[in-house]
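To start, the structure itself, in structure tokens.
The values are calculated or read from the model by the stated rules, or taken from the named source; none is laboratory data. None of the values given here were measured: they were computed from a predicted structure. Note: ideal-geometry Cβ built from the backbone for every residue, glycine included; neighbour counts use all protein chains shown. Surface areas here come from the heavy atoms of the whole protein model, side chains and all, with no ligands, DNA or RNA. Shrake-Rupley method; radii C 1.70, N 1.55, O 1.52, S 1.80 Å.
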Amino acid sequence: MSQSMNVTLVGAGPGDPELLTLKALRAIEQAEVVVYDSLVSPDILALIPAGVKRIEMGKRCGKASARQEDICAVLVRLARTGKRVVRLKGGDPFIFGRGGEEALYLRQHGIPFSVVPGITAALGCAASGLIPLTHRGLSRAVTLVTGHLQQGGEFRGWSALAQAGQTLVFYMGLEQAAEIQPRLLAEGCPARLPVALIESGTTTAQQITTTELGRLTATAATLKPSGPVLMIIGEVVALRAELTATLDSLAVA
């Protein structure tokens, strides 16, 4: 047992275990307790050494999940036992992963912590889906948005999101498609604006559905995803078809 209290917030990336950083893998291999998020893929959980205590504490949209304050309290309690604790989170801990909240809670309770960044879903899923998030002449900026910002009428940034020349990435936005579509259209986004819905990105279960903003709600209603879905909206999505065709032609050659 380690004599010092410590918690490491580790980004597990978007799902493919080969996208783990070396530092993340080392932290997992040296952990004595792993408190993992519901979005961490089974292939990555399989890398946790035998005998290491595993505790699932995650948050999933529309499903029963642990309260954030309970998760934070468990991290403090485990750290005070002197064990090496890894808080394993899908993607990057500080991008829609509530890693900042957990870090602040640990600090307030005198628990030393460190952070290991991970490849966030926007980067991993876009690359895996052959969608450049930026591209000269099409997209000069990328905005990452949580799909829950607009709930309750609290989000007032739709006009900024609708600015031309940028790519929008909505995390967990599928459930809010019926809200996202009319809001962006009302702010001037064209109905033909390409959209990609990427389920279980970077994994062997990856599924990609492309549509247009004007048909987003109808398309979303046809999907029955078994894994997380990332939504990418922007002209760059149209490049996927060209890049996929190029790969196919090279494979044939």
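Side notes on the structure shown:
- Share of carbon and sulfur in the accessible heavy-atom surface of the chain [1.4 Å probe, %]: 53
- Top positive-direction residue, dipole computed over the chain with Cβ charges, set A196, P132, P112: P112
- Solvent-accessible area per residue, Å², over the chain with all protein chains present [probe radius 1.4 Å]: 50
- Base-10 log of normalised Debye intensity for the stretch 160-253 (one unit scatterer per alpha-carbon) at q = 0.14, 0.15, 0.16 Å⁻¹: -0.52, -0.59, -0.66
- Annotation: the antiparallel percentage among DSSP beta bridges lying fully within the stretch 26-158 is about 10.
- Counting Lys and Arg as +1 and Asp and Glu as -1 over every other residue whose Cβ lies under 11 Å from the Cβ of V116, the net charge comes to +3.
- Assigned charges on the beta-carbon of Lys, Arg, Asp, Glu; the chain dipole about Cα centre (debye): 620
- Computed over the stretch 133-198, relative contact order equals 35 percent, with contacts defined as Cα pairs under 8 Å that lie 6+ residues apart.
- Over the stretch 36-133, volume per residue of the alpha carbon convex hull, in Å³: 118
- Tally of Lys pairs whose C-alpha atoms are under 28 Å apart, taken over the chain, 8 or more apart or cross-chain: 13
- Protection proxy ranking, peptides 155-163, 230-238, 15-23, average beta carbon neighbours within 10 Å, highest first: 230-238, 15-23, 155-163
- In summary, the stretch 84-221 shows an alpha-carbon radius of gyration equal to 1.18 times the 2.2 N^0.38 Å reference for compact globular proteins.
- Phi-derived couplings, Karplus 6.51 cos²θ - 1.76 cosθ + 1.60 at θ = phi - 60°, listed residue by residue for the stretch 222-235: 8, 8, 10, x, 9, x, x, 10, 9, 10, 10, 10, x, 4 Hz, with x used for Gly and Pro.
- Cα shape, the stretch 201-253, gyration tensor, a/c 1.5 rule: oblate
- Amide H to amide H, with H built 1.01 Å from N, V7 comes under 5 Å of F113, S114, counting only residues 5 or more places away or on other chains.
- Comparing mean-square fluctuations of G188, G118, G99 from a GNM of the chain with C-alpha springs under 10 Å, the top value falls on G188.
- In order through the stretch 204-213: 3J(HN,Hα) via Karplus (6.51 cos²θ - 1.76 cosθ + 1.60), integer Hz, x for Gly, Pro: 5, 8, 4, 9, 10, 10, 10, 7, 10, 4
- Considering only the chain, percent of DSSP beta bridges that pair antiparallel, nearest 5: 40
- Short-range pairs are left out: with C-alpha atoms under 8 Å and at least six residues apart, the relative contact order of the chain is 20 percent.
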